[in-house]
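Comments concern the structure below.
Every read-out reported here was derived from the displayed coordinates using simple, explicitly stated rules and does not represent laboratory data. These numbers were taken from a predicted model, which means no experiment stands behind them. We place every Cβ from the backbone using ideal geometry, glycine too, and count neighbours over all the protein chains shown.
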Amino acid sequence: MDNTNSGVYQIRLTVDKKCRIPIGKLDEFTFPEGQYVYTGRAGKSLTQRISRHKRSDKKCFWHIDYLLSNKCVRI
């Protein structure tokens, strides 16, 4: 197995103001204004995974997608 493009990554998020965000099937969560760090892992295609998180035109699949789709949250 080629692991040259796999690994753990972290994304620093800024929540500009307190907001309630629905996270998939989990529920709605309140995120106070502040800085957050999301840690993820890509078994392959690490570069593509990070690029995907930066895009705004994507279907929500991972929990981080629901956060990033909210206008209060930015990378």
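Listing for the model above:
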| item | result |
| --- | --- |
| Residues of the stretch 54-75 that turn out to be out of contact with any Ser or Thr (no Cβ under 9 Å at 6 or more places or on another chain) and not in a loop (DSSP other than H, G, I, E, B), as a count | 6 |
| Flag for ASP27 being on the phi > 0 side of the Ramachandran plot, acidic (Asp, Glu) and free of Cβ contacts under 8 Å to residues at least 40 places away in the same chain | yes |
| Matching entry among SER6, SER51 (being out of contact with any helix residue (DSSP H, G or I) (no Cβ under 9 Å at 6 or more places or on another chain) and free of Cβ contacts under 8 Å to residues at least 60 places away in the same chain) | SER51 |
| Residue match in the stretch 33-43 (condition: surrounded by fewer than 12 Cβ atoms within 10 Å (Cβ to Cβ), of a type in the set (A, V, I, L, M, F, W, C) and not in a strand (DSSP E or B)) | no |
